[in-house]
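Here the structure is laid out as structure tokens; the discussion comes afterwards.
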Ligand SMILES: Cc1ncc(COP(=O)(O)O)c(C=O)c1O
Ligand SMILES: [Zn+2]
């Protein structure tokens, strides 16, 4: 890894060594990782078909002991949407059942490399499952904070991995506040604050690029709550562009639920920060984030790519879920919000565009909701 890589504050520009177990700046600002990977397509030759084939692009110290289940390099499957097709990453097939394993593998590898013995994390469910799984693999103690009404299968999964579970009454924001007290004394493996997470989710971009013959697609349609996949994908394509591997970045099309759309609203109004809006519950529990901490970065990334925001109603989510399942794709309702947005996008786009999207979470994670929808 280049030895000038460091953590950098997005507010005051202060820098910190990468191996300092911190998740925000002393000024309260968000941290990014300053890092220019030395990666080229020839590096993947002979490597296993996992996300770790891009090891040279991941900012972990040389010789770090990776925490992995040989995850990633998920199939990029062609799916038909009424005559138009999209290529869909099968990220619901990750070991813990969602794409969050990309981020968890990197963040927990970094935690182990720093000698961290215990972590805390807050989540609407899937990030908690992923962090708990990788902590089990790394033998790191783990406490997960979730909203009290999180899907039962996710609660079971977190506890079976051996993590301690804290169910917090109230909103997703109440859960985020509750974890901050714990984060004062224990390493915060936060998927929204901790920048290592995004250097895991960026492998989505590397994989898509390789699967398309080292080319960028025209558009990538992604869900956005805290934007951990979207921001990772933006980092990944930026790096591939800087390295001269692709000649342009794809348009990033962000999907939010109409019932909770602070970023779509900000985008529409030309604002730089998430709009403060009343929100309603949505079937897309994973994207129900009223105050995304990296909202400003998400808006910048979408604008810079020439992309847009789309919003989807509850009925559209249900319809898309039914359609996907009827075609053999068993995904959770949050993932159907993305496919509903994808269907909207395909209806309005010209033919011949290479459009990539994702199934982010497995349907088996939300059995109660799936039963109610029968
Ligand atoms: C299945 C699923 N899809 C999408 C998302 C949205 O991810 P993000 O909040 O990082 O934008 C989540 C987040 O929990 C999720 O669980
Ligand atoms: Zn700062």
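The values are calculated or read from the model by the stated rules, or taken from the named source; none is laboratory data. Only a predicted model underlies this, so the values are computations on that prediction, with no experimental measurement involved. We place every Cβ from the backbone using ideal geometry, glycine too, and count neighbours over all the protein chains shown.
Just one of the listed residues (342, 346) is farther than 17 Å from residue 264 by Cβ, touching a strand residue (DSSP E or B) at 6+ places or on another chain (Cβ under 8 Å) and not in a loop (DSSP other than H, G, I, E, B), namely 346. What about residue 124, is it in contact (Cβ under 8 Å) with a residue 24 or more places away in the chain, in a loop (DSSP other than H, G, I, E, B) and touching a helix residue (DSSP H, G or I) at 6+ places or on another chain (Cβ under 8 Å)? It is true that residue 124 is in contact (Cβ under 8 Å) with a residue 24 or more places away in the chain, in a loop (DSSP other than H, G, I, E, B) and touching a helix residue (DSSP H, G or I) at 6+ places or on another chain (Cβ under 8 Å).
Here 66, 107 are screened, and the one residue that is in contact with a helix residue (DSSP H, G or I) (Cβ under 8 Å, 6 or more places away or on another chain) and not in a loop (DSSP other than H, G, I, E, B) is 107. Whenever a residue of the range 196-215 is free of Cβ contacts under 8 Å to residues at least 60 places away in the same chain, its partners that are within 15 Å of ligand 1 (Cβ to nearest atom), lying with C-beta atoms within less than 6 angstrom and at least six residues away or across chains, give the pairs 205/233; 205/236.
In the same structural domain as residue 361 (by TED's automatic domain parsing), within 28 Å of residue 106 (Cα to Cα), part of a loop (DSSP other than H, G, I, E, B) and out of contact with any helix residue (DSSP H, G or I) (no Cβ under 6 Å at 6 or more places or on another chain): is that true of residue 303 in this structure?
no
Among the residues of the range 53-63, those identified as over 20 Å from residue 213 (Cβ atoms), more than 17 Å from the chain's Cα centre (by Cα) and buried (at least 18 other Cβ atoms within 10 Å of the Cβ) are 55, 59, 60.
A quick yes/no check of all residues on (1) part of a loop (DSSP other than H, G, I, E, B); (2) in contact (Cβ under 8 Å) with a residue 60 or more places away in the chain:
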site	(1), (2)
235	no, no
246	yes, no
249	yes, no
255	no, yes
265	no, no
271	yes, no
274	yes, no
286	no, yes
297	no, yes
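Scanning the range 138-175 for residues that are out of contact with any helix residue (DSSP H, G or I) (no Cβ under 7 Å at 6 or more places or on another chain) and closer than 20 Å to residue 363 by Cβ yields 149, 150, 155, 156, 160.
Failed condition for residue 150, given (1) surrounded by fewer than 18 Cβ atoms within 10 Å (Cβ to Cβ); (2) within 22 Å of residue 260 (Cα to Cα), with all others met? Going through (1) surrounded by fewer than 18 Cβ atoms within 10 Å (Cβ to Cβ); (2) within 22 Å of residue 260 (Cα to Cα) one by one, residue 150 breaks only (1). Of the residues making up the range 1-13, those that are closer than 20 Å to residue 60 by Cα and assigned to a loop (DSSP other than H, G, I, E, B) number 5.
Those residues that are over 19 Å from the mean Cα position of the chain (by Cα) and under 16 Å from residue 196 (Cβ atoms), I need them from the range 34-52; list them, please.
From the range 34-52, those over 19 Å from the mean Cα position of the chain (by Cα) are 34-49; that's our starting set.
Scanning the range 34-52 gives 34, 35, 37.
Answer yes or no as to whether residue 83 is away from ligand 2 (no atom under 16 Å from the Cβ) and either closer than 30 Å to residue 321 by Cα or in contact with a helix residue (DSSP H, G or I) (Cβ under 7 Å, 6 or more places away or on another chain) (or both). Yes; evaluated as a whole, the condition is true for this residue.
If you check residue 293 against the conditions, is it crowded, with 23+ Cβ neighbours inside 10 Å and touching a residue at least 40 places away in the same chain (Cβ under 8 Å)? So residue 293 fails the test. Only a single item in (1) crowded, with 20+ Cβ neighbours inside 10 Å; (2) in the same structural domain as residue 220 (by TED's automatic domain parsing); (3) touching a strand residue (DSSP E or B) at 6+ places or on another chain (Cβ under 7 Å) is not met by residue 111, and it is number (2).
Take the residues in the range 22-59 that are assigned to a loop (DSSP other than H, G, I, E, B) and within 16 Å of ligand 2 (Cβ to nearest atom); name whichever of them is nearest to residue 73 (Cα to Cα). Steps first, please.
So the first thing to find is which residues in the range 22-59 are assigned to a loop (DSSP other than H, G, I, E, B), and the list is 22-23, 25-29, 35-40, 45-50, 58-59.
Among the residues that remain, those that are also within 16 Å of ligand 2 (Cβ to nearest atom) are: 22-23, 25-29.
Numbers: 22: 30, 23: 28, 25: 33, 26: 37, 27: 38, 28: 35, 29: 33 Å.
Applying the filter and picking the extreme gives 23.
Taking the listed residues 18, 7, 60, the one that is in contact with a helix residue (DSSP H, G or I) (Cβ under 9 Å, 6 or more places away or on another chain), farther than 17 Å from residue 112 by Cβ and touching a residue at least 24 places away in the same chain (Cβ under 8 Å) is 7, with no other qualifying. Sub-8 Å Cβ pairs linking a first residue in the range 69-88 that is in the same structural domain as residue 348 (by TED's automatic domain parsing) to a second residue that is assigned to a loop (DSSP other than H, G, I, E, B) and at pLDDT below 95, at least 6 apart or interchain, are 84/349; 84/351, ordered by first then second residue.
Scanning the range 5-21 for residues that are within 8 Å of ligand 2 (Cβ to nearest atom) and on the phi < 0 side of the Ramachandran plot returns 9, 10, 11, 12, 14.
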